[in-house]
Every structure is written in C-alpha cells, then in structure tokens.
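The values are calculated or read from the model by the stated rules, or taken from the named source; none is laboratory data. None of these values were measured; they are calculated from a predicted model. Here the Cβ positions follow ideal geometry from the backbone for every residue, glycine too, while neighbour counts run over all protein chains shown. The protein model used for the area step is the full one, side chains on, heavy atoms only, and it has no ligands, DNA or RNA in it. Shrake-Rupley method; radii C 1.70, N 1.55, O 1.52, S 1.80 Å.
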Amino acid sequence: MRFSDNVSELKPSATMAVSTLAKRLAAEGRDILNLAAGEPDFDTPAFVCEAAIEGIRAGGTRYTPPAGTPELRKAIARRLSDRAGRPLDWEGVVVTSGAKQALFNAIFSLFGPGDEVVVVAPYWTTYPDLVTLARAEPVIAFGDEAADFKVDTTLLDSVATGRTRGLVLNSPCNPTGAVYTLGELKAIAEWTKERGIWLISDEIYRSIYFGDDSEAAPGLLDLPGESLGPHVLVDGASKSFSMTGWRIGYSYASPDVSTKLTALQSQITSNPATPSQAAALEAYSNVEASAAAVAEMAAAFRRRRDLVTTRMKELLPGVAFVEPAGAFYLYFRVDAFFNDEVRDATAWCSKLLEEQGVALVPGGAFGDDRWVRMSFASSDEVLEDALGRIAACVGAGSAA
Ligand SMILES: Cc1ncc(COP(=O)(O)O)c(C=O)c1O
C-alpha cells in the first residue's frame, strides 16, 4: 500500500504498543504486571466525575467553540495567572483533546520544511514523530547522564544552527523523572529568547513533584515575564487529576498564536468532548477539592518512588538509574545484562515479558536502547513483585 509522504516516516506510539501487548497477554490469561503504561492508576476524583454527569443531564452534549468553552478557558487562565502572579489573557488558552493534541497543534503550526527543532533526550516518544509529521527535522540533544540527562545552554549551543526554530522541553521528564530547577529553566528560557526561537514547554507532570521547596515543579510561569521569549506552555488534566481517558489538555500562548492553533484544531477535531470539558471545569475551578486530590496522589507517588528506588538498590545493586524528582517513572540502565541473544533493551524487555510477565518500555522509544522505563503508577504489592521478577530475570545482584 502506498501512503502519502505526510505519514511515510510515521510509527505507532512505542509506549502504547508495549502497553497494548501487555493488556492482550493479560486478557489471554497470562500473569502480567504491566508497568509500561503512562497513566496514573487512580480513579478520577468523584467530584470531577459528578460534574460531567451533571453537565450531560443539563444538556451539555453538543459542540462547544473549538478552543473550549469560555468558562473552562477562563478557569484555566485564572489558575495560570495565580501561578504567574500576573494576569494572563484567557484567550491565550486553547483546550485540546489531551495534551498530545496541544503539542501537535503547536508543532504543526510553528514548524515546517527546512526548520530544525531541538528535542531534549531521552525524550517522550511522541515529540520527534510530531516534528517529523510537520516535515521539520528533529535534532536530538542528549543531556549528560551525570546531570540526570538535563541539558544546559552550552549543550544547546552545540546543537543549534541557523535553521533552529524551536526547542521542546519536558520537566518533570518522561521517561527520566528529572526536574529542571527554576534557575536551569530560566537559563534555557533566556537562551530561546535570545535566539528568537520557540520554547515548547510540556509541563504535564508538573503537579507530580517530590521536591520539598514547592507543591509543584518549577514551570515557565514561575519565571519573570522578561525571561520569556516566544513560547507555548502545554499542560492538561490527564496526569494531575488522573483523567487520561477524558482527553483534556491545553496550550497557553499569546492570543495571536492561540488563534492559529484554534484554527488548526477547528479543522481537525473541533472541540474537545463537551462532557469532559464540564469535568475539567470542576477540576480547575474547585481549587480546594482539586488541590486535596492532587496532594493525595502526589504523596502516593512519592511513597512509591521511595519504595522502588530503595528496592532497586537492594535487589539490583550497581544498576544505574535516575532518581526521579517528579512524574512516576523509573528510568534504569540494562546494558550490563546484554549478551549474544539479548543485544538491546528491546530484546531485554521482550525476554522479561516472556519469562517473567513484566512489561516495561525499552529505551529505544526514548532515544537510547540501553535503558528501560518502568512506571511506578501501581500498587506497592505489584511494584515489589515486579522488582523481584526483574531481579530473577537478570540473576539478582549480578549486574556490574
Ligand atoms: C510528556 C508527556 N506529554 C504529553 C502527554 C500526553 O498527555 P495526554 O494524555 O493529555 O494527551 C504524555 C502522556 O503520556 C506525556 O508523557
């Protein structure tokens, strides 16, 4: 079958592929521990679900404006303004069908043939594919392992060219869990401003943060306005409110940019689902209830982070991993276990799934197939069991 050049480079999402396989094996009756998925394991808070049901009962089942209802855009803008400590224009907010669509809208609208877009690696698997879909060129910038793979302006200088038009940054990072400090973020934002290039900041995991200095990880809006050049902030309800299936994300940019992003969205998906918008309106406007729900989930993730990092050191001493400061992933290195049959993390993950029934995502999905990603959005029992099985797979304590 011949497809158009638009999709000739397109691959299905690698993280979704592993998770789908794990679900299929479980449905066939295999004893599978699926730690490949990228979603919180909590139910959406009840008060949010109730708002959707009430919205449907009140007749909220038709189209809304493509960028979302003004009420929801204003509620999000209020939350962002509180964070920034300055009033932000609600018309800069575009509500999308998940943060993924916000990223698509931005990347597709801002970049095209001849443009280079720096993608910080290890990267969330979708970024380079979205850049390629826009027929621009992803330029992968690997941070230093010793710095938890975070990049700095010296490294960015080394990859930037006259064709660089944007930078995609993700903090807290999927897959590493690394979090940029405010100072690091400021330096990077100012670097993009000086060059007049777009900074796409994906802050979807911002509220899952394990630092003691603040409830949420530093983000673009914590910076003084003068540090910011052209930027698009991406966030959403999926991870913070455990609402992955509702498909609500958003972008925040200057209103003229948002008008273009809305035009694109209006031609592709129209508005995000109306009942989901009613749910998100409650999540973003009932500040007290949502803060309590977020704090409870973040505390559970912190406890699990402590559990998996402690057990990793005990069960797999010598195996390098990034100490997660946010999000809910443990990114660890498995090339010490490679041999003639198992030559990369993809093969290693297949062996682990086959022999031990544990599903992880091979690092090839994030740009380095010597590493793997394990989600710790699961119960303590499952995490303990999974780590035990991983240790059994490699022969506990045998890693160099
Ligand atoms: C870094 C990152 N950005 C964006 C998304 C997409 O979020 P959504 O489910 O809201 O589309 C994900 C989902 O896994 C993610 O990990």
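Given the criterion surrounded by fewer than 20 Cβ atoms within 10 Å (Cβ to Cβ) and within 14 Å of the ligand (Cβ to nearest atom), identify the matching residue among Ala280, Ala273.
Working: Ala280 fails: surrounded by fewer than 20 Cβ atoms within 10 Å (Cβ to Cβ).
So the residue among Ala280, Ala273 that is surrounded by fewer than 20 Cβ atoms within 10 Å (Cβ to Cβ) and within 14 Å of the ligand (Cβ to nearest atom) is Ala273.
Any idea which of (1) in a loop (DSSP other than H, G, I, E, B); (2) in contact (Cβ under 8 Å) with a residue 40 or more places away in the chain is the one Phe332 doesn't satisfy?
Failing condition for Phe332: (1).
Go through region 354-376 and give me each residue that's open to solvent by 10 Å² or more (accessible area, probe 1.4 Å), of a type in the set (A, V, I, L, M, F, W, C) and not in a helix (DSSP H, G or I).
Filtering region 354-376 down to residues open to solvent by 10 Å² or more (accessible area, probe 1.4 Å) leaves 354-356, 362, 364-365, 367-370.
Applying the additional criterion that residues be of a type in the set (A, V, I, L, M, F, W, C) yields 365.
Result: no residue meets the conditions.
Looking at region 237-252, I want the residues that are within 19 Å of Ala300 (Cβ to Cβ) and within 8 Å of the ligand (Cβ to nearest atom) and have a partner that is open to solvent by 20 Å² or more (accessible area, probe 1.4 Å) and not in a loop (DSSP other than H, G, I, E, B) with Cβ atoms under 7 Å, at least 6 apart or on another chain. Which pairs are those?
These pairs meet every condition: Ala237/Trp246; Ser238/Thr244.
Does region 133-148 include one or more residues that are closer than 20 Å to Pro230 by Cα, away from the ligand (no atom under 15 Å from the Cβ), touching a residue at least 12 places away in the same chain (Cβ under 8 Å) and surrounded by fewer than 17 Cβ atoms within 10 Å (Cβ to Cβ)?
No: zero hits.
Any idea how many residues of region 196-230 are buried (at least 19 other Cβ atoms within 10 Å of the Cβ) and either within 16 Å of the ligand (Cβ to nearest atom) or farther than 20 Å from Ser258 by Cβ (or both)?
17
Tally time: how many residues in region 319-357 are of a type in the set (Phe, Trp, Tyr) and closer than 24 Å to Ser379 by Cβ? Before the answer, list the steps.
So the first thing to find is which residues in region 319-357 are of a type in the set (Phe, Trp, Tyr), and the list is 321, 328-329, 331-332, 337-338, 348.
Subsequent filtering for residues that are closer than 24 Å to Ser379 by Cβ retains 321, 328-329, 331-332.
The number of residues fulfilling the criteria is 5.
Give Asp235, Asp256 a once-over and let me know the one that is crowded, with 16+ Cβ neighbours inside 10 Å and among the acidic types (Asp, Glu).
Working: Asp256 fails: crowded, with 16+ Cβ neighbours inside 10 Å.
Being crowded, with 16+ Cβ neighbours inside 10 Å and among the acidic types (Asp, Glu) holds for just one of Asp235, Asp256, which is Asp235.
How many of the residues making up region 19-52 are open to solvent by less than 30 Å² (accessible area, probe 1.4 Å), within 16 Å of the ligand (Cβ to nearest atom) and part of a helix (DSSP H, G or I)?
In the first step, residues of region 19-52 are kept if they are open to solvent by less than 30 Å² (accessible area, probe 1.4 Å); the result is 19, 22, 25, 32-33, 35-38, 40, 44-45, 48, 51-52.
Filter once more, so that each one left must be within 16 Å of the ligand (Cβ to nearest atom): 19, 22, 35-38, 40, 44, 48.
Remaining after also requiring part of a helix (DSSP H, G or I): 19, 22, 48.
Residues flagged as open to solvent by less than 30 Å² (accessible area, probe 1.4 Å), within 16 Å of the ligand (Cβ to nearest atom) and part of a helix (DSSP H, G or I) within region 19-52 amount to 3.
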